[in-house]
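What follows is a single structure, written as structure tokens, with notes after it.
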Amino acid sequence: MSPRPGIDRLQLLQTAAELADRDGLHALTLAALAGKLGVRSPSLYNHVDGLSGLYAAMTLYGLQTLHDRMLKSVAGRSGEDALRHACLSYVDFARSHPGLYEAALQPIRPDQQEIQQVGDQIVELLLQILAPYQLSQSEALHTVRTLRSLCHGFSSLDRAGQFALDLSLDDSLEFMIRIFIDGLTLHKNQK
């Protein structure tokens, strides 16, 4: 296999995501990535600092992709509709890119400021979506955590094949989102 000239960072990350989606994040190796790209492993060091650097780059890429998908899904929407679509896009991302989603969940070190900024952008987007519910700052942050827990829990159980009943998963997802929104609405109306 002859080396493939001109590999750029985005192409490297997209290929790494494809491998991680297929085999799982922790099955991703520099050798496998280099083989898929048609280059030798040392060539990857032009773009990432070893395997740990690749994982950090995948975390950033995963969070950016999640943010972009959520942002696109809520464009032109507000209130319940925006909240519903944010949830649906989160679960869709986890379903369609399981390896990249796993990468997005990696712990963020204090020195990984760029990754932290993208994580903060996701939180800010959700806080904007939640603004009509007139939550206090702490309530809004608790709500973001709750929302993330619901979407992540659903996605994780789905991925693990834990929903074995003969019942529509999409209907269950919509039901979960509806109950969440109804609870927020009730909370707002009781203030």
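Numerical summary
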quantity: Per residue accessible area in Å² of the chain, where ligands, DNA and RNA are left out and the probe is 1.4 Å; calculated: 57 Å²
quantity: Theoretical FRET efficiency, 1/(1+(r/R0)^6), r = Cβ-Cβ of residue 71 and residue 27, R0 41 Å, to 0.05; calculated: 0.85
quantity: Separation of the residue 113 and residue 178 label points, Cα + 7 Å toward Cβ, nm; calculated: 4.7 nm
quantity: Percentage relative contact order, the chain, counting C-alpha pairs under 8 Å, at least six apart; calculated: 21 percent
quantity: Carbon/sulfur fraction of accessible area - the stretch 74-191, other protein chains in place, 1.4 Å, %; calculated: 53 percent
quantity: Heavy-atom SASA rank of 181, 7 (probe 1.4 Å, accessible area, largest first); calculated: 7, 181
quantity: Accessible surface of residue 163 - all protein chains present, 1.4 Å probe, nearest 10 Å²; calculated: 80 Å²
quantity: Ranked order, 77, 145 - accessible area, probe 1.4 Å, largest first; calculated: 145, 77
quantity: Cβ crowding within 10 Å averaged over residues, with 101-109, 23-31 ranked highest first; calculated: 101-109, 23-31
quantity: Environment charge of residue 48, counting only residues whose C-beta is closer than 15 Å and scoring Lys/Arg +1, Asp/Glu -1; calculated: 0
quantity: Cα-based reach from residue 191 at 19 Å (exclusive), listing aspartates and glutamates while leaving out same-chain residues under 8 positions away; calculated: 80, 139, 182
quantity: For residue 95, solvent-accessible area (1.4 Å; no DNA, RNA or ligand), Å²; calculated: 90 Å²
quantity: Reach of residue 36 by Cα under 16 Å, taken over aspartates and glutamates that are not fewer than 8 positions away in the same chain; calculated: 8, 18, 21, 23
quantity: Most to least accessible of 174, 114 (protein chains only, probe 1.4 Å); calculated: 114, 174
quantity: The chain, helix-only ellipticity at 222 nm - DSSP H runs n ≥ 4, -39,500 (n - 2.57), divided by all residues, nearest 500; calculated: -23500 deg cm²/dmol
quantity: Options [x] 50, 36, 26; [y] 41, 38, 33; [z] 66, 42, 28 - which one matches Cα extents along the principal axes in Å as calculated here; calculated: [z]
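The values are calculated or read from the model by the stated rules, or taken from the named source; none is laboratory data. All figures in this text were calculated on a predicted structure; none of them were measured in a lab. In this analysis, Cβ positions are derived from the backbone assuming ideal geometry, glycine residues included, and neighbour counts consider all displayed protein chains. All accessible areas refer to the heavy atoms of the entire protein, side chains included, with ligands and DNA or RNA removed. Shrake-Rupley method; radii C 1.70, N 1.55, O 1.52, S 1.80 Å.
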